[in-house]
Structure formats: structure tokens, C-alpha cells
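The values are calculated or read from the model by the stated rules, or taken from the named source; none is laboratory data. Just so you know, these numbers come straight off a predicted model, no measurement behind them. Positions of Cβ are generated from backbone atoms using ideal geometry, with glycine treated the same way; all protein chains shown enter the neighbour counts. For the accessible areas, the whole protein counts, side chains as well, though only heavy atoms, and no ligand, DNA or RNA atoms are used. Shrake-Rupley method; radii C 1.70, N 1.55, O 1.52, S 1.80 Å.
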Amino acid sequence: MMSGSTLLSFVLLALSTVVRADYFSSDPLANKVVPYNAIPYQVMTDTDDNRGFQTGYNICNSTTENQDSMCQTMFVNHIDDFCLWAPPTANSTIADSEGIEVAWCSKKGHGTRIIPDGAITSLQLVKTPSYIQIAGTLNQNYLNIGGTDGGELDSGGQDGEGNPMGGLVYTNNFKAANGNNGTYIQAQHWSFFIGDGAFCGKICDQTGSNPQGLCNNIYDRLGCEYNAPSDVQANTFESCLGDDMTPVGTYVGSDGKTSTYFQPAESVTIDYDALPYTPTPAPTSSCTPFASAAIFTDGVGVTVAAGNGVGAGAAPTGSAPGVSGASVGTSAGPGATGKTSANGSVKPTGSQSGSGASPSASGKSGAVAVGVSAGAMAVSFLAVLAL
Ligand SMILES: *[C@@H]1O[C@H](CO)[C@@H](O)[C@H](O)[C@H]1NC(C)=O
Ligand SMILES: *[C@@H]1O[C@H](CO)[C@@H](O)[C@H](O)[C@H]1NC(C)=O
Ligand SMILES: *[C@@H]1O[C@H](CO)[C@@H](O)[C@H](O)[C@H]1NC(C)=O
């Protein structure tokens, strides 16, 4: 029933109000080589950027491991040991907080905030020769994310400082670590999308094929479907091997030739029905299923911050928190639809009826269920300031 469905086939959209910084770093984050044993307190060095300065820190330890942590060093290691970028304060949109996101990790030991149990509702990790990809769905209010709009977080950023500014990413699962979990390798190129109840991300190995192209950061309006194609299945947690995708934006046309699509300038409307290609997730193999309880052990008992609409007095009792809780009010499908029409520039994909049609009362998880049972779904959300 679910074969062929793409749970995360959502589209990112951008407002035309994006302000492009005229400042660009002469020492961009993606060019910085930072060995794990030489991480500075703050990796950002430019003090003259009119967007501001790094708000957190990169040296993270047991003192900084709490739910107020401002750690901006994160990891994508294994299915039970990964992090996401999310806001430091409750009920923030990604657009408003992209420069100041902090690390939220599934496991203790990284000096970060811990992802509360119940936050992640499906997850697929795929390790390919050139990158590690994660994708899934979440109760985003567990991670301080409000609103219906998502966004891109990446090692580029509008000024080269990254989003978050000064964010560092490591893994013990690139080839150079030789299977040693204590050996951490920096990913210089990475991109994540999060919002509207879903997330995805890729961290690229500098020794793999085309790290910049596979983790490109110039397709911020195209979302997970184009940037990190996956076949995440609802309520499923799995770790797979896989082939490399083609670099983001490239595709083989009906003439057999490889072409590259470039996202137009922010001021130009994208006709999502008329994009030259629809990505197909690269083949995966050796998928191993996990129980979520085996993954999020460290998140058990971790409370969701007040102000997110989760917890006593906020979510309806007697039902799974988050499933029917604040996601209904803060991030249900019609919000995205509303933004869509307000913006006037948004064209749904062929499958967007999965999201647009789902009633707000069903909330995020309902929308996912509807989308999956329909065989396809798309969740539209806005990516603002994401490049
Ligand atoms: C722990 O991390 C904090 C924040 O980066 C830093 O100020 C402190 O010096 C670190 N402590 C140790 C023992 O490294
Ligand atoms: C590395 O950590 C993962 C869990 O995150 C574990 O499954 C794996 O066995 C560990 N590898 C080694 C060599 O200990
Ligand atoms: C989150 O913020 C929005 C916009 O400010 C507000 O309307 C909503 O009530 C807030 N949600 C919660 C749970 O406080």
C-alpha cells in the first residue's frame, strides 16, 4: 500500500521579502577546517557582519548539557545518535531563528539539549559513500518550533557564516573514522530542512564525491523532496545503506542528458507544477528497523519547554501528546495553505492535495497518515531567509 509513497515529498516555498545581506564573509564557515580536538569556543570570527555574531558556542561539555544549552556543535552519527538544529526559545519559527539555532541531540554526551522522547515520529538514516542523510517527521513543538513555515539550515547562509551562524557538524560514521565511535570527522558542507512537522538533512564527506554539490545550499525553496529525497515511512525508524543521489538540482531528462535546474531569484515565482523534474530517492539497501524506544532512551522524561503548547494544561489529555496537541493549533496543514494563497506565488505540487486537503483537526500526524494512505503527500511550507 505504501510502496512508492514519499512521506516527505513536501515543497519549500519562499516569500519575496527575503532580505539578502550585502555582507559576505571573507572566511566562510564551509571553508573552515576544524578538527574535533581543536574546536574553538566560537568558530565564527567575523566581527563586522551586520547580521550579528554567533549567539552560542562550539565547546560543549557536561556543564552545557541541559535544556537551556546554547551548544552549536552537532552530530549525525548513527540512527540512535544524531542531532537536529532547532530554536533556543519556545514557539519560534525557523525563519525568525535560523541564525541562532542550537543543537538538539538524541543522545547524552554531546553537551547539548536532548530531543524529548515522542518528538520524532518517523526516521530514516541512510549512509551513502559520500554523505549521511536523515529524514523523518516530528512533533516540532517539542523542539521549540512554532508556526507552519519551515526553513533551511546550512553551512552556507546568506553571508557565509552558516545558519545557525557558527554551527559545526561532526560524525563518527564517515570512512575516515574507521568505525571508531570515538573518532569525529567534521562535515564542512551540510544542509537541513525542518518545519511543518518534518525534517531532513545531509552531511557530506569531504573525501566523498562532490560534497558541495551533494549538500548544496542554493535550493532552499525546494525542501526535502529535492534536497534530500527519501522514502521515510510513517511510524517507522530504520537505518539503511544507500547510493549517492545525483547532486541537488541535477537530473537526467527524457533525452538522456543530464541537466541542472537552478532555483530562480527570490523575487521570481516558482511554478512547482512546472519544475523540470521530480526527484526519485536513490536506492537504499540493508535497511534495519528499530523501535523508537530503543533510540530515544535519553529523551525519556525530558520535558518540553513551556510556551510550546505541550504538557499540563496545554495539550488535551488522554491522547498521545503532540499528536493531537499543539500541532493542531500551530502547524496544521491549512496554515501552510493559507500562507500559500497569501503569498500568491505558491504552486502546489501534484501531490499537495494530500496536505492541502487534510483537515486542520487532524493535525500534523493526521496529515501524515492521510498522505501516506493516499500514496503521496506534500506539505508546503515557507522557507524564509534560508539560503
Ligand atoms: C565547557 O563548555 C563551556 C562552554 O563552551 C566552556 O565555557 C567551559 O570552559 C567548558 N569546560 C571545560 C572544562 O572545558
Ligand atoms: C557505535 O555506536 C553505535 C550506536 O550509536 C553502535 O550501534 C555501534 O555498535 C558502535 N560501534 C562500535 C564499534 O562500538
Ligand atoms: C506561538 O506563537 C504564536 C504567534 O505568536 C501564537 O499565536 C501562539 O499562540 C503561540 N503558541 C503557544 C502554544 O503559545
task: Note down the accessible area of residue 80, probe 1.4 Å, to the nearest 10 Å².
output: 50
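Can you tell me, using C-alpha contacts under 8 Å and at least 6 residues apart, the relative contact order of the range 191-255 as a whole percent? Could the numbers behind the result be given before it?
Numbers: 49 pairs, mean separation 20.2, N = 65.
Relative contact order here is 31 percent.
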task: Only loop residues by DSSP count here, and only those with at most 16 other Cβ atoms within 10 Å; note down the trypsin sites (Lys or Arg not before Pro) in the range 79-182 that meet that.
output: 108
- line: The distance between the Cα centres of the range 81-157 and the range 204-263, in whole Å, is 19
query: When only alpha-carbon atoms count, how far does the range 152-201 stretch along each of its three principal axes, as whole angstroms with the largest first?
result: 34, 27, 13
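Largest first, how would 251, 272 line up by accessible area (1.4 Å probe)?
Numbers: 251 45, 272 15 Å².
Greatest to least solvent exposure: 251, 272.
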message: With θ taken as phi - 60° and the coefficients 6.51, -1.76 and 1.60, list the Karplus ³J(HN,Hα) couplings across the range 127-144 in order, rounded to whole Hz; mark glycine and proline as x.
response: 9, 10, x, 10, 7, 10, 10, 10, 7, x, 10, 8, 7, 5, 5, 5, 10, 6
- request: Can you spot the aspartates and glutamates whose alpha carbon is less than 15 Å from residue 127's alpha carbon? Ignore those fewer than 8 places along the same chain.
  value: 80, 81, 205, 231, 238, 243, 244
field: Phi to ³J(HN,Hα) by Karplus 6.51 cos²θ - 1.76 cosθ + 1.60 over the range 265-273, Hz, x for Gly, Pro
entry: 4, 4, 6, 9, 5, 9, 8, 5, 7
- prompt: Label-point separation (nm) for residue 50 and residue 306, each offset 7 Å from Cα along Cα-to-Cβ?
  reply: 3.9
For residue 237, residues with placed amide H under 5 Å, excluding near neighbours: 123, 290
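So how do 48-57, 93-102, 256-265 stack up, highest first, on mean other-Cβ count within 10 Å? Each step should come with its number before you reach the end.
Values: 48-57: 16.4, 93-102: 24.0, 256-265: 11.1.
The densest-packed peptide leads the list: 93-102, 48-57, 256-265.
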- request: Could I have the simple spin-label model distance between residue 277 and residue 257, label points 7 Å from Cα toward Cβ, reported in nm to one decimal?
  value: 1.4
